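Peer 1: Pasting a structure here, questions to come.
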Amino acid sequence: MQISLEGQVALVTGASSGLGHACAEALAAAGAAVVINYNSQREPADALATAIQARGGRAIAVEGDVSDEKAVDALFAEALNAFGRLDILVANSGLQRDAPVGEMTLEEWNKVIQVNLTGQFLCARAALRQFRKQAARPEISRAAGKIIHMSSVHQLIPWAGHVNYAASKGGVDLLMRSLAQEVGEERIRINSVAPGAIRTPINEEATEGDAEKKLLELIPYGRVGDPEDVGNAVVWLASDLSDYVHGTTLFIDGGMSLYPGFRDNG
């Protein structure tokens, strides 16, 4: 079945590379106009917008630091200036600053929380405000607006050496569910996706060669995920096919969150 998001506008944060890039591509392929947010990597964001336009789609690339309130306001203003409305937010921006807890600096802790958690709050708040201002268009979407948060299997699985990242994703889980509880009666749908091991340039060393073989011990389905796996799930969550899905996290992990290390110890 072909999913169509024709007539809808999506904003994807952190979309110049990795999972955000795949989500923006997938949403555009389904017919949505796409705002490609980036913080520092302008060239790949511009290149993606150009590629979407060349295929007959609508897309712009917009700079903005999601952890900065004024930058988020400016990002949304530019999106609305270009396309006039917003139907879908994919709050994807995230980063890691890894260290054992005894060696982790306050700056490393704060930076991850500010981008991964505070950034998702600021973008979700801005999206909710816009959804409430604009007229619903039931002919293109049964929901008045849709927010998809980018979480991680580490909202569930503890991750030693990455306490700031795991804490941020645990926070995203309850941010998403609390928002969903609060605004569901307004026909605004809010969900999360929680990827496991995905083959992106940033984690190439962990997903190739001997490292991949070791990683596969944690993935019952027997393969490392591709960015398209996440993009496809986001398109489904943004579509009316998932209209009764609200306040839920969709794990995209090949079964990593099933704690496969316990398979032989039950």
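Peer 1: Could you list, in sequence order, all residues of the range 40-85 that are farther than 22 Å from A29 by Cβ, modelled with pLDDT of 95 or more and of a type in the set (S, T, N, Q)?
Peer 2: Passing the criteria: S67, N81.
Peer 1: Restricting to the range 23-53, count the residues that are open to solvent by 10 Å² or more (accessible area, probe 1.4 Å) and in a helix (DSSP H, G or I).
Peer 2: 12
Peer 1: Quick check on the range 168-190. Is at least one of its residues modelled with pLDDT of 95 or more, assigned to a loop (DSSP other than H, G, I, E, B) and open to solvent by less than 10 Å² (accessible area, probe 1.4 Å)?
Peer 2: No, every residue in the range 168-190 fails to be modelled with pLDDT of 95 or more, assigned to a loop (DSSP other than H, G, I, E, B) and open to solvent by less than 10 Å² (accessible area, probe 1.4 Å).
Residues are listed down the side, and each one gets a yes or a no for (1) aliphatic (A, V, I, L, M); (2) touching a Gly at 6+ places or on another chain (Cβ under 6 Å):
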| position | (1), (2) |
| --- | --- |
| I147 | yes, no |
| Q155 | no, yes |
| Y165 | no, no |
| K169 | no, no |
| L175 | yes, no |
| V183 | yes, no |
| I190 | yes, no |
| R199 | no, no |
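Peer 1: In this structure, does N164 turn out to be assigned to a helix (DSSP H, G or I) and out of contact with any Phe, Trp or Tyr (no Cβ under 7 Å at 6 or more places or on another chain)?
Peer 2: No: the conditions fail for N164.
Peer 1: Could you list, ordered by first residue, the pairs with Cβ atoms under 8 Å in which the first is in the range 185-210 and of a type in the set (K, R) and the second is open to solvent by 20 Å² or more (accessible area, probe 1.4 Å) and not in a strand (DSSP E or B), at least 6 apart or interchain?
Peer 2: Listed pairs, sorted by first residue: R187/A136; R187/R142; R187/A144; R189/D243; R189/V245; R189/H246; R199/D226; R199/P227.
Peer 1: Related question: Here are some conditions: (1) within 20 Å of V66 (Cα to Cα); (2) touching a residue at least 12 places away in the same chain (Cβ under 8 Å). A143 meets all but one. Which one does it not meet?
Peer 2: (1)
Peer 1: Tell me, which residue of the range 1-22 that is aliphatic (A, V, I, L, M) and assigned to a helix (DSSP H, G or I) is least open to solvent (accessible area, probe 1.4 Å)? Don't jump to the end; show me each part of the working.
Peer 2: Taking the range 1-22 as the starting set, the residues that turn out to be aliphatic (A, V, I, L, M) are 1, 3, 5, 9-12, 15, 19, 22.
Okay, now just the ones that are also assigned to a helix (DSSP H, G or I), so 19, 22.
Details: L19: 35, A22: 12 Å².
Taking the candidates together, the pick is A22.
Peer 1: In addition: Looking for something aromatic (F, W, Y) and crowded, with 19+ Cβ neighbours inside 10 Å - is there at least one such residue anywhere in the range 212-235?
Peer 2: Checked against the condition, which is being aromatic (F, W, Y) and crowded, with 19+ Cβ neighbours inside 10 Å, the range 212-235 yields no hits at all.
Peer 1: What number of residues within the range 217-266 are free of Cβ contacts under 8 Å to residues at least 40 places away in the same chain, on the phi > 0 side of the Ramachandran plot and in contact with a Lys or Arg (Cβ under 8 Å, 6 or more places away or on another chain)?
Peer 2: So the count comes out to 0.
The values are calculated or read from the model by the stated rules, or taken from the named source; none is laboratory data. It should be emphasised that the depicted structure is a prediction, and the values quoted were computed from it without experimental measurement. Quick reminder, even Gly has a Cβ in these numbers, built from the backbone with ideal geometry, and neighbours come from all protein chains shown. Side chains are part of the model used for accessible areas, which takes the heavy atoms of the whole protein and leaves out ligands, DNA and RNA. Shrake-Rupley method; radii C 1.70, N 1.55, O 1.52, S 1.80 Å.
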